[in-house]
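Here is the structure we will look at.
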Amino acid sequence: MEVRSSDGLHVGTVDHMEGDTLIKLTRSDPAAHGRHHLLPLAWVERVDEHVHLTATAADVRGYWEDAG
């Protein structure tokens, strides 16, 4: 399922849940640059045909950089 930031940008594709609090994104998605990335489940605003986040794309990328 596609994941979109609060500003409507594609930030990844869900691979699976990692525990009860994290979403793991596929590394094969072009936005992932060959790496799995994790997002806090708390950032999910709603789910319909996409997962919509409360965070902007810039916030998501910053979170990934900080997480190493």
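List of remarks:
- Against the set (1) -0.29, -1.09; (2) -0.41, -1.00; (3) -0.32, -1.10, the structure's computed log10 I(q)/I(0) by the Debye sum over Cα atoms at q = 0.13, 0.24 Å⁻¹ falls on (1).
- In the chain, the trypsin sites (Lys or Arg not before Pro) that fall in loop regions by DSSP, at most 13 other Cβ within 10 Å: Arg35
- Remark: relative contact order (the chain) = 32 percent; criterion is Cα-Cα distance under 8 angstrom and separation of 6 or more residues.
- Taking the DSSP beta bridges with both ends in the chain, the antiparallel portion is around 90 percent.
- Summed residue charge, Cβ within 15 Å of Asp29's Cβ, Lys/Arg positive, Asp/Glu negative: +3
Read-outs throughout are calculated quantities, based only on the coordinates presented, and are distinct from any laboratory measurement. Computed from a prediction, not measured in an experiment: that's the story for all the values here. All Cβ positions, glycine included, derive from the backbone under ideal geometry; neighbour counts span all protein chains shown.
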